[in-house]
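Participant: Questions regarding the structure given below will be posed in turn.
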Amino acid sequence: MDALKIKQASAMPAPTWGWLRMNDTAIEIPAGLERARAVTIEADEDLTETHASFEGAVEKLQERLDAVRADAPDTRACVRAAEREQELLDDLDTPALSAYQLAATREEIAGDVAHAFETGIGIDARSYLNFLAGGTVVLATEEGACEQAIVRVAGTSGHMAGAAVDVVAAKGSTLDVVISLDGVADSSRAAGLIGSELRVFAGENARVNVTVYITADDVFTVLDDAGYVLDEGARVNVRHVVLGGAHTYTGLASDLRGDTARMEIDTRYLAAGDDTRDFNYIIRHRGRRTFSNMDANGVLTGTSKKVLRGTIDLIHGCKGAEGSERETVLLANKGVDNKTVPVILCDEDDVAGNHGATIGHVRPEQLFYLGCRGLSQEQAEALFTAAKLEDAALSAPDEQIRANVIRLGSALIEDFADFEEEIA
C-alpha cells in the first residue's frame, strides 16, 4: 500500500494559539504495509449478539430530547446572526460571527446528536481505521446486566491491522472493556501500524469502564480513536496507558448530552528515545449538572516529543456543569519537547471550569546526588522510565497485557525482565 498522510488530525475545536502550530497534526501512514487480520475479541456470546446498534441508541436518545425540547424562541444575538447569516444585517445588535462561532451556533440550534458526533482524531482517521477493520464488532449489554470484554490487536512488522468496536451500554448496565494495542517487531525492523476505532453509547445510568494499553515496539505507528455519547446519569471511566510505539495518536471526544452525566479520563504515558506522543481530548458539556475530569501524568526521556490538547466546552444550556483538566509531566532530559494545551470554552453561566499543568525537570542537584552514587545520566533516566513501566505492569488488566509491558520494558531497560520474578 502506498504511503498516506492524514491531514489536520486531532484538531482542536477552536483555532487557539495557531502560531504554535499545535492545533492539529499530520499522521504519516508508512508505505508498503500489508493488511492483516490480527484482532481477537474475548467476550461472552450474549454480549456480541446483535440486538442493538450505536445508531439505534442515538436515534432513541434523539427522540427523547426532541420530545422535551423547549419551544420558546432563542433570542440570543449569536442565534440571530446564525439564522440571518445569508441576509444583509442592518441592525447593530446582530454581531458578525467567525467561522467557528457560526458552525457551533448552528450545531447548537439543530440539536442533532448523530450529526454532532465526533471522535478525537477525526473523521479521516475514523474512516481509515474502519477500512482496516473491515467490519464493526458490536458489544451491547442488556438492561441491568454486568459484562466485560477484551479486544486485542496484535501487530507485526510490515503489516497494518485495526479494530472497529461499537459499545452500547443499556440502561442501568455495567460494561468493562479492555483494548490492547500491541506490536512486536521482527528481525527486519520493518515499520508497522495498528489501531482501534471505538464508539461508545452509555445509556441512562449505565456504567462503562474503558482501559486502553499501548505496548507496541518502536517501529509501529499506533492510532487510538474514540467517540462517546452519554445519556442521563451515565458514568464513563477511561484509562489510557501509552507506553510504546514510535508514533502514537490518542484521540477522544465525548458528548455529555444527558443531565448529570459524568466522564473521568486518566492518562498515563511514557516516551523514550525519539518517540512521539500526540493526545487530543474534547469534552462537550451539553447536559445540566454534568461533570468531567481529565488527569494526565507522564515521563519524557531522550529526545522524545509530546503534545497534549485538552478542551472542555461548556455549551449554552449546561447549567451547573463542572469540568477540570490537569497534567503532570516529568522532563527527564533536556532534549525532550513538551507541549501542553489546556483550553476551556464557555457559553454558559453557573458553570465551573478548571485547568492546570505541572511541568518539572530533573534538577541538577538531583542528578548530582545520583551521580555521587555511581549513576550516569542514562541510568538516572532509566529509573524514571522503570517506575512508569512497573506501575503499568502492576495495574495491568490481565497476564497477557502484563507480559507485553514487561517485554517492552526489557527492550528499554537492562534487567527489567527481573521485575517479572519480583511480582510473581
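Participant: Please work out the Cα center distance from region 114-188 to region 258-301, rounded to the nearest Å.
Facilitator: Value for the Cα centre distance between the two parts: 18 Å.
Participant: Right, next: Report, as a whole number in µm² per second, the diffusion coefficient that Stokes-Einstein gives for region 86-199 at 4 °C and 1.567 mPa s using the Kirkwood radius over alpha carbon pairs.
Facilitator: After rounding, the answer is 73 µm²/s.
Participant: Using amide H atoms built in the peptide plane, which far-off residues or other-chain residues are under 5 Å from HIS355 H to H?
Facilitator: Excluding prolines and chain starts, which carry no amide H, the hits are GLU325.
Participant: Separate question: List every residue whose amide H lies under 5 Å from the amide H of MET160, counting only residues 5 or more places away in sequence or on a different chain, with H placed 1.01 Å from N in the peptide plane.
Facilitator: Long-range HN contacts for MET160: GLU34, ARG35, ALA36, LEU193.
Participant: Here's a follow-up. May I ask you to give the solvent-accessible area per residue for the chain, in square angstrom, as obtained with a 1.4 angstrom probe?
Facilitator: I get 45 Å² per residue for the chain.
Participant: How large is the direction-averaged shadow of the alpha-carbon convex hull of the chain, in nm²?
Facilitator: Mean orientational projected area (the chain, Cα hull): 23.2 nm².
Participant: Which of the peptides 242-248, 19-25 is most tightly packed, and how do the rest follow, judged by the mean count of other Cβ atoms within 10 Å per residue?
Facilitator: Highest to lowest by the protection proxy: 242-248, 19-25.
Participant: Helix-only mean residue ellipticity at 222 nm, the chain, DSSP H runs n ≥ 4 weighted -39,500 (n - 2.57), per residue, nearest 500. What is it?
Facilitator: Estimated from H runs of four or more residues: -7000 deg cm²/dmol.
Participant: Then there's this: On the protein heavy atoms, probe 1.4 angstrom, tell me the percent of accessible surface of region 26-127 carried by carbon and sulfur.
Facilitator: Result for region 26-127: 51 percent of the exposed heavy-atom area is carbon or sulfur.
Participant: Report, by chain and number, residues whose modeled amide H sits under 5 Å from the one on GLY122, excluding near sequence neighbours (fewer than 5 apart, same chain).
Facilitator: Result for GLY122 returns SER10.
Participant: Further, regarding this structure: Going down the list LYS60/LYS306; LYS171/LYS306; LYS7/LYS334; LYS60/LYS305, which pairs span over 32 Å between their C-alpha atoms?
Facilitator: LYS60/LYS306; LYS171/LYS306; LYS60/LYS305
Participant: If you add up the charges near THR119, with Lys and Arg at +1 and Asp and Glu at -1, over every other residue whose beta carbon is less than 9 angstrom from its beta carbon, what do you get?
Facilitator: Result for the neighbourhood of THR119: -1.
Participant: If you line up the long axis of helix 54-68 against the longest principal axis of the chain, both from Cα atoms, how many degrees apart are they, to the nearest 10?
Facilitator: Long axis of 54-68 versus the principal axis of the chain: about 40 degrees.
Participant: Which shape class applies to region 222-334: rounded if a/c is under 1.5, otherwise prolate when a/b exceeds b/c and oblate if not, where a ≥ b ≥ c are the square roots of the Cα gyration tensor eigenvalues?
Facilitator: In terms of gyration-tensor shape, prolate.
Participant: While we're here: Under a point-charge model restricted to the Cβ atoms of Lys and Arg (+1) and Asp and Glu (-1), what is the dipole moment magnitude of the chain relative to its Cα centre, in debye to the nearest 20?
Facilitator: 940 debye
Participant: Could you give each residue of region 248-261 its phi-based ³J(HN,Hα) in whole Hz, using Karplus coefficients 6.51, -1.76, 1.60 with θ = phi - 60°, and x for Gly or Pro?
Facilitator: With the stated coefficients, region 248-261 comes to 10, 10, 10, x, 8, 10, 10, 10, 7, 7, x, 4, 6, 5 Hz.
The values are calculated or read from the model by the stated rules, or taken from the named source; none is laboratory data. For clarity, every value in this text was computed on a predicted model and none was experimentally measured. For neighbour counting, all protein chains shown are included, and Cβ atoms are generated from backbone atoms with ideal geometry for every residue, glycine included. Just the protein is used for accessible areas: all its heavy atoms, side chains included, with ligands, DNA and RNA removed. Shrake-Rupley method; radii C 1.70, N 1.55, O 1.52, S 1.80 Å.
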